[in-house]
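J.: Sharing a structure with you now.
The values are calculated or read from the model by the stated rules, or taken from the named source; none is laboratory data. Nothing here was measured: the structure is a model prediction, and the numbers come from that model. Every residue, glycine as well, gets a Cβ built from its backbone with ideal geometry; the counts of neighbours run over all protein chains shown. Heads up: the accessible areas ignore ligands, DNA and RNA and are worked out on the full protein's heavy atoms, side chains in. Shrake-Rupley method; radii C 1.70, N 1.55, O 1.52, S 1.80 Å.
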Amino acid sequence: MVEIPESHPRYESLKTRESLVERVEEGITSKAGLIAHGRGEMFDYLLGERTIDSAKKAEKKAIDVILKAENPVISINGNVAALVPAEIVSLSQRLKAKLEVNLFHRSEERINKIAELLKKDGAKKIYGTGKPDAEIPGLEHERALCSKEGIYSADVVLVPLEDGDRAKALKEMGKTVITIDLNPISRTAKTADISIIDNIVRAVPNMIDLEPLSGKEFDNSENLSQTLDHMCERLKELSKDI
Ligand code: ATP
Ligand code: MG
C-alpha cells in the first residue's frame, strides 16, 4: 500500500482509495467499482465531506424502519464489503437484519471471497452464496438472481451503492427500499423510499449508534431537495473564494 502522510489534507480520502485498490487486487471489488467510487467522491466534495442534517435524519428514519421490519435484508456488493466490512456486520447485528451478497458484476468467486471477509468480521450467516433460488422480476437473468429467504422475501431492503434498475425492480416488488448513495440525483436515490445521501464510510458507523426517528413524518423528496439546496449553497460559497 502506498504510504500517505497523515498531514495530507486529503488523507482520509486517499487512504480509502488505497484500500479500495487493495480490495480490487484481492478480488473483492471489481474494477468498475473504482469508477463508481470516483463518482461518489465527486458528490462528497459537494457535500463538504461530512454528514449533513438531512442525511442524519434519513439515517435515523432508516433505523426506525428496519427495526420495525419483519424480514429486513442488507445487500452487500464489492464496494460495501471493501469500505465497511466490520461496520456493516455490526449494523446488521444491531438491526437484526440479514446480510446478502448481491453483485452487479456477478462472479461466484467474488461472492465467496466477500462472504469469507464478512464472516471474519463476525457475520454468522451470509445469504446469496451457493446456487441462487429466486429471481427479481423485470431484470435480465444474472442481475436478477437472489436468495429466496433473503432479498426475494424481504419487506425492507437496505441497498447501498445500488444500481437504479435494480432499485426500481425491488420497489416494483412492493418492498421498502432504503439506499446509501452520495448522488442525490441518481435513479436509485430518486427511486428509494429513504435515500441517505452520505458517504457509506460515515453513514454505516453513524447508524450503529444513532437513535431511531419514529412517529415523525419523513418526506424523501423534501429531504433530497434539501440536500441539493445544500450543494448549491456550498457551490455559491466556494465561488466567492475563487
Ligand atoms: P443509478 O444507476 O442509480 O442512476 P449510477 O449509474 O450513476 O446510478 P452506479 O454505478 O449504478 O451509479 O451506482 C453507484 C452509486 O454509488 C453512485 O450513485 C455513486 O455516487 C454511489 N457511491 C459510490 N461510492 C460511494 C460511497 N463511498 N458512499 C456512498 N455512495 C457512493
Ligand atoms: Mg447505474
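J.: Conditions: (1) part of a helix (DSSP H, G or I); (2) open to solvent by 50 Å² or more (accessible area, probe 1.4 Å); (3) modelled with pLDDT of 95 or more. S239 meets all but one. Number of the miss?
T.: Here S239 clears every test but (3).
J.: Taking the options A115, A58, name whichever one is closer than 18 Å to L170 by Cβ and among the small types (G, A, S).
T.: Numbers: A115 fails: closer than 18 Å to L170 by Cβ.
Of the residues listed, the single one that is closer than 18 Å to L170 by Cβ and among the small types (G, A, S) is A58.
J.: Let me ask you something else. Please find, within segment 167-179, the residue that is surrounded by the most Cβ atoms within 10 Å (Cβ to Cβ) out of those that are assigned to a helix (DSSP H, G or I) and either on the phi > 0 side of the Ramachandran plot or within 16 Å of ligand 2 (Cβ to nearest atom) (or both).
T.: Residues of segment 167-179 that are assigned to a helix (DSSP H, G or I), as a first pass: 167-172.
The next check asks that each one be either on the phi > 0 side of the Ramachandran plot or within 16 Å of ligand 2 (Cβ to nearest atom) (or both); those that pass are 167-171.
On the way: A167: 25, K168: 18, A169: 19, L170: 27, K171: 16.
This residue is L170.
J.: The conditions are (1) in a helix (DSSP H, G or I); (2) in contact (Cβ under 8 Å) with a residue 24 or more places away in the chain, and F218 fails exactly one of them. Which is it?
T.: (1)
J.: Yes or no: S7 open to solvent by 30 Å² or more (accessible area, probe 1.4 Å) and among the polar types (S, T, N, Q)?
T.: Working: open to solvent by 30 Å² or more (accessible area, probe 1.4 Å): yes; among the polar types (S, T, N, Q): yes.
Spelling it out, S7 is indeed open to solvent by 30 Å² or more (accessible area, probe 1.4 Å) and among the polar types (S, T, N, Q).
J.: Moving on. Which residue pairs have Cβ atoms closer than 9 Å, lie 6 or more positions apart in sequence or on different chains, and pair a first residue in segment 12-39 that is among the basic types (K, R) with a second residue that is at pLDDT 95 or above and open to solvent by 50 Å² or more (accessible area, probe 1.4 Å)?
T.: Close Cβ pairs (under 9 Å, with a partner that is at pLDDT 95 or above and open to solvent by 50 Å² or more (accessible area, probe 1.4 Å)) amount to R17/L34.
J.: Suppose the filter is modelled with pLDDT of 95 or more and closer than 21 Å to I114 by Cβ; does I185 pass it? It would help to see each step written out before you state the result.
T.: Working: modelled with pLDDT of 95 or more: yes; closer than 21 Å to I114 by Cβ: no.
No.
J.: Next up: Of the residues that sit in segment 2-34 and are within 18 Å of the chain's Cα centre (by Cα) and closer than 15 Å to N199 by Cα, which one is nearest to ligand 2 (Cβ to nearest atom)?
T.: Result: G33.
J.: Right, next: If only one of N71, N112, N77 is under 18 Å from A203 (Cβ atoms) and touching a residue at least 12 places away in the same chain (Cβ under 8 Å), which one is it? First the steps, then the outcome.
T.: Numbers: N71 fails: under 18 Å from A203 (Cβ atoms); N112 fails: under 18 Å from A203 (Cβ atoms).
Unique residue meeting the criteria: N77.
J.: Find the residue count for segment 179-199, including only residues that are within 13 Å of ligand 1 (Cβ to nearest atom) and within 17 Å of I66 (Cα to Cα).
T.: The number of residues fulfilling the criteria is 5.
J.: Yes or no: segment 206-214 includes at least one residue that is closer than 12 Å to A58 by Cα, assigned to a helix (DSSP H, G or I) and more than 13 Å from ligand 2 (Cβ to nearest atom).
T.: If we filter segment 206-214 for residues that are closer than 12 Å to A58 by Cα, which is where we start, we get 206-207, 210-214.
With assigned to a helix (DSSP H, G or I) added as a condition, the list becomes 206-207.
Subset that is more than 13 Å from ligand 2 (Cβ to nearest atom): 206-207.
Yes: segment 206-214 contains one or more residues that are closer than 12 Å to A58 by Cα, assigned to a helix (DSSP H, G or I) and more than 13 Å from ligand 2 (Cβ to nearest atom).
J.: So, of the residues in segment 180-205 that are part of a helix (DSSP H, G or I) and within 13 Å of the chain's Cα centre (by Cα), which turns out to be nearest to ligand 2 (Cβ to nearest atom)?
T.: Here the residue is T188.
J.: Same structure, new question: Please count how many residues of segment 16-55 are open to solvent by 70 Å² or more (accessible area, probe 1.4 Å), part of a helix (DSSP H, G or I) and within 13 Å of ligand 1 (Cβ to nearest atom).
T.: Qualifying residue count, segment 16-55: 6.
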